[in-house]
Amino acid sequence: EGPVKYAEAMKLLEIAKASYPRQEITAETAKAYCEFWADLDYESALAALRRHVSTSQFFPAIADVRVAVANAAVGAPDADKAWDEVLTQVRKVGRYRKPVFSSPAIEDAVNGVGWEAICNTEEIGVERAHFLRLYEVSRGRHVKEANVRPMLSAAVARQLEGTSAFLTGRKAGA
């Protein structure tokens with residue numbers, strides 16, 4: 001596994017084009033897709049593209065694939081499954097021990113509501129509603145971070161390569 005290279009990004013774009021034959025793609029559009037997909041893991045991006053093609057009648061935007069890859073990387077369950085996990089931990093560990101969750105997004109939301117508040121409530125519906133709101137915000141934040149982190153890492157690597165080349169008197173990428 002590793003970042004998508006330009007040629008691999010072009011392969012992804014060719015698959016998308018073949019799947020949506022009416023879609024016009026200019027050279028500038030192809031360059032933008034390849035640039036913004038170049039930092040993604042190829043297998044993850046391919047899986048995201050396959051899911052998109054099998055579920056949408058519209059050509060994927062750059063963000064459609066990026067967000068799908070980020071969602072898979074975060075691995076956070078949907079809100080109802082997350083709440084079920086919280087209730088399982090309430091039964092399993094109770095209020096005096098530390099619960100363990102499958103996703104940092106669940107832990108963030110539980111911390112926002114308060115573990116003891118969840119364990120001690122007489123109105124579980126109120127705590128559930130509070131949790132669900134916080135969970136969606138937390139999950140969204142984790143997905144956004146997972147989406148942007150590879151782009152930032154690639155940009156920093158390019159910048160460091162350029163700085164190193166400057167300092168050593170060689171050309172970047174050489």
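The values are calculated or read from the model by the stated rules, or taken from the named source; none is laboratory data. All figures in this text were calculated on a predicted structure; none of them were measured in a lab. Neighbour counts are summed over all protein chains in view; Cβ atoms, including those assigned to glycine, are modelled from backbone coordinates with ideal geometry. Accessible surface areas use protein heavy atoms only, side chains included; no ligands, DNA or RNA. Shrake-Rupley method; radii C 1.70, N 1.55, O 1.52, S 1.80 Å.
Which of the residues spanning segment 121-135 are open to solvent by 70 Å² or more (accessible area, probe 1.4 Å), free of Cβ contacts under 8 Å to residues at least 40 places away in the same chain and either touching a helix residue (DSSP H, G or I) at 6+ places or on another chain (Cβ under 8 Å) or not acidic (Asp, Glu) (or both)? Steps first, please.
Of all residues in segment 121-135, those open to solvent by 70 Å² or more (accessible area, probe 1.4 Å) come to 122-124, 126, 128, 133.
From what is left, the residues that are free of Cβ contacts under 8 Å to residues at least 40 places away in the same chain are 122-124, 126, 133.
Those that are open to solvent by 70 Å² or more (accessible area, probe 1.4 Å), free of Cβ contacts under 8 Å to residues at least 40 places away in the same chain and either touching a helix residue (DSSP H, G or I) at 6+ places or on another chain (Cβ under 8 Å) or not acidic (Asp, Glu) (or both): Ile124, Val126, Arg133.
Quick one: in segment 1-22, which of the residues that are within 21 Å of Ala73 (Cα to Cα) and open to solvent by 100 Å² or more (accessible area, probe 1.4 Å) is modelled with the lowest pLDDT?
Here the residue is Glu1.
So which helices (runs of 4 or more DSSP H) are wholly in segment 23-114 and hold at least 2 residues that are β-branched (Val, Ile, Thr), touching a residue at least 40 places away in the same chain (Cβ under 8 Å) and open to solvent by less than 60 Å² (accessible area, probe 1.4 Å)? Spell out how you get there, then give the answer.
Numbers: elements: 27-37, 42-55, 62-74, 79-93, 104-113.
By residue number, 62-74.
Looking at Arg141, Arg149, Arg128, which one is in a helix (DSSP H, G or I) and either among the aromatic types (Phe, Trp, Tyr) or modelled with pLDDT of 95 or more (or both)? Even if it seems obvious, please write down each step before you answer.
Numbers: Arg141 fails: either among the aromatic types (Phe, Trp, Tyr) or modelled with pLDDT of 95 or more (or both); Arg149 fails: either among the aromatic types (Phe, Trp, Tyr) or modelled with pLDDT of 95 or more (or both).
Arg128 is the lone residue from the list that is in a helix (DSSP H, G or I) and either among the aromatic types (Phe, Trp, Tyr) or modelled with pLDDT of 95 or more (or both).
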